[in-house]
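Right, one structure below, let's go through it.
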């Protein structure tokens, strides 16, 4: 097992996973200062008691490098053929891409590397793209990294977004293998609806505003969210994407041992799970400690759950996400015997 035949396209198999969080924990009481909110409101409405924020000069790329190093160490190899990086908060808004810089800092100068922009669905989109590289034999090993410093786009004066956003990074190493072995990524469901892009957006900084010649307002530099509409669409699309992924895998909902949903908001995650009929004992969660970490959410959740023993080898996992764009995605896998490494610090080179 592990070497695809000449007649079949190789599958992508997880062989190592790593994740890191910045050391600074930010409490609800600190977030609440100057806002019409409280620790109680945040816990009850969002399900968060603390989140991690970077401190200057730590960037998204710094977190990505640390998570990538941990994933490579867990994998046991120091080389891959490609690096796929995904983030809503890259080191540079326009250019260059963050992925090549991260790859070079990992000692991977010369390998193909690129950025994927799909917001909180970015990690699952990136898994799909990495799987395509492996299926076409463009690469045999791929490092996929999701990293965010969402604290840099949170509006400290906006109660709805100030309490939610956190920073972190997660990464996995994929290798070519067989579709029926543990760790093989199942068929991915991807979807989008650009007509609803304004539900979640950072208006400033892009060509749309620049070409209009308007001076950005203070709030335009930060994430803006229409919460009620976002909630409704998130639940709807995450539920349907989950059902589609299960159908493609040939699984029933009862076959799912663990649901790893993007940790956007505890109420969203619970609503999706309830509508699917997945009980609390089968739900993975860390939003109470890390907040919404965007594209880093799912790999960070998987790594922490593997370390804690909440996710065990042989368990069938359903992965689902939703983000701005709007975008959504889902896939399945049987969790493998794999090393998971986590750290609560990131360091610049």
Practice task
Could you calculate the contour length gain from residue 253 to residue 138, that is, 0.36 nm times the residue separation minus the distance between their Cα atoms, to one decimal place in nm?
Solution key: 38.0 nm
Completion exercise
Rounded to the nearest 10, the angle in degrees between the Cα long axis of helix 60-75 and the longest principal axis of the Cα atoms of the chain comes to 20
Handout entry: Ascending count of other beta-carbon atoms within 10 Å, so fewest first, for 254, 308, 324, 271
Key = 254, 308, 271, 324
Practice task
Between residue 344 and residue 196, with labels modelled 7 Å along Cα→Cβ, what's the label distance in nm to one decimal, could you check?
Solution key: 3.7
Problem - Fraction of the pair-distance distribution of segment 158-273 above 16 Å, Cα-Cα pairs, percent - result: 73
Handout entry: segment 25-81: projected area of the alpha-carbon convex hull, averaged over directions, in nm²
Key = 6.1
Problem - 222 nm mean residue ellipticity, helices alone, for the chain (DSSP H n ≥ 4; -39,500 (n - 2.57); rounded to 500) - result: -9500 deg cm²/dmol
Practice task
Over the residues of segment 189-335, compute the C-alpha Rg and express it relative to 2.2 N^0.38 Å.
Solution key: 1.15
Handout entry: Degrees, to the nearest 10: 122-135 long Cα axis against longest axis of the chain
Key = 20
Exercise for the section: Take every Cα-Cα pair in segment 306-349 and report what % of them are more than 17 Å apart. Expected result: 56
Exercise for the section: Run through the DSSP bridge list for the chain and note the antiparallel percent, rounded to the nearest 5. Expected result: 65
Completion exercise
Relative contact order as a percentage, the chain, C-alpha pairs under 8 Å and 6+ apart, gives 28
Fill in the blank from the handout: residue 25 and residue 178 label points (each 7 Å along its Cα→Cβ direction) are spaced in nm at 4.5
Handout entry: Fewest-first sequence of 85, 225, 238 by Cβ atoms within 10 Å of each Cβ
Key = 225, 238, 85
Practice task
Take 123, 114 and order them by how many other Cβ atoms sit within 10 Å, fewest up front.
Solution key: 114, 123
Practice task
Using the Kirkwood radius over Cα pairs, work out the Stokes-Einstein diffusion coefficient for segment 11-177 at 10 °C and 1.306 mPa s, in µm²/s as a whole number.
Solution key: 96
Practice task
Taking every pair of alpha-carbon atoms in segment 196-240, give the share separated by more than 17 Å as a whole percent.
Solution key: 43
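Every number in this text was worked out from the coordinates using simple rules, so none of it is lab data. None of these values were measured; they are calculated from a predicted model. Don't worry about glycine lacking a Cβ; one is built from the backbone with ideal geometry, like all the others, and counts go over all protein chains shown.
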